[in-house]
């Protein structure tokens, strides 16, 4: 009986350890979790890693250096040079999920206007959020909202949405905006890059990540299930 008791104790400890590890994994912030649908890290041109390059007008001059892609349209006549995903009805998060898009960007120069680098998301039901960047501000065009940031340095941005109607926007890890999508025409796509038009810019892109992850509420429920399961095994 003593040997059996020790075996049971070991099993309980193992179950508890599994539950704790499971809880720690699931309670990690969404920004730290993986995998992503696409995780471009600046090691190759985006069209070689799952993105579709779309050009209207004259393309930007591009370079890769130390994991950063620079889009330089300053010396061109201007144009749209963007990287898109066409997801065919598979963009929106499912029940209990968050859609997340992360990018790290430095705006280095803009000529011919104030706004050029851009990031946009169009949901499966054709709802859109569109951000345009100046040297020190982000413009949410469908909301007509401006957010300021320090110029000349890299900034990490993250958008989260559970329903593709409302969103949260994080800047360098801090929440800076809770906003609304606007109505679009074209569904199920997202993109980023040089915004085109008369404006010409030079921007540096470090990474772009896109995917869906469990919502924090669902994570908590799964943690409780895991801990309860460990309790049943202890019985």
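Which residues, counting only those in region 106-142, are closer than 15 Å to residue 185 by Cα, touching a residue at least 60 places away in the same chain (Cβ under 8 Å) and either out of contact with any strand residue (DSSP E or B) (no Cβ under 8 Å at 6 or more places or on another chain) or part of a loop (DSSP other than H, G, I, E, B) (or both)?
Listed by number, the residues that qualify are 123, 124, 125, 126.
Of all residues in region 20-57, which are surrounded by 13 or more Cβ atoms within 10 Å (Cβ to Cβ), farther than 28 Å from residue 175 by Cβ and at pLDDT below 90?
20, 57 - these are the residues of region 20-57 that are surrounded by 13 or more Cβ atoms within 10 Å (Cβ to Cβ), farther than 28 Å from residue 175 by Cβ and at pLDDT below 90.
Among strands (runs of 3 or more DSSP E) lying entirely in region 47-102, which contain 3 or more residues that are touching a residue at least 24 places away in the same chain (Cβ under 8 Å) and out of contact with any helix residue (DSSP H, G or I) (no Cβ under 8 Å at 6 or more places or on another chain)? First the steps, then the outcome.
Values: elements: 52-57, 61-65, 68-72, 79-86.
So the answer is 52-57, 68-72, 79-86.
Which ones in region 151-210 are within 16 Å of residue 128 (Cβ to Cβ), at pLDDT 95 or above and assigned to a loop (DSSP other than H, G, I, E, B)?
163, 164, 165, 181, 187, 188, listed by residue number.
So that you can scan it fast, the table gives a plain yes or no per residue for (1) within 21 Å of residue 210 (Cα to Cα); (2) surrounded by fewer than 20 Cβ atoms within 10 Å (Cβ to Cβ):
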{"residue": "110", "(1), (2)": "no, no"}
{"residue": "131", "(1), (2)": "yes, no"}
{"residue": "145", "(1), (2)": "no, yes"}
{"residue": "164", "(1), (2)": "yes, no"}
{"residue": "175", "(1), (2)": "yes, yes"}
{"residue": "184", "(1), (2)": "yes, yes"}
{"residue": "192", "(1), (2)": "yes, no"}
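Output the residues belonging to region 211-235 that are at pLDDT 90 or above and surrounded by fewer than 17 Cβ atoms within 10 Å (Cβ to Cβ).
Those that are at pLDDT 90 or above and surrounded by fewer than 17 Cβ atoms within 10 Å (Cβ to Cβ): none in region 211-235.
The values are calculated or read from the model by the stated rules, or taken from the named source; none is laboratory data. Everything numeric in this text was worked out from a predicted model, so none of it was measured. Because the Cβ atoms are built from the backbone with ideal geometry, glycine has one as well, and the counts that use them run over all protein chains shown.
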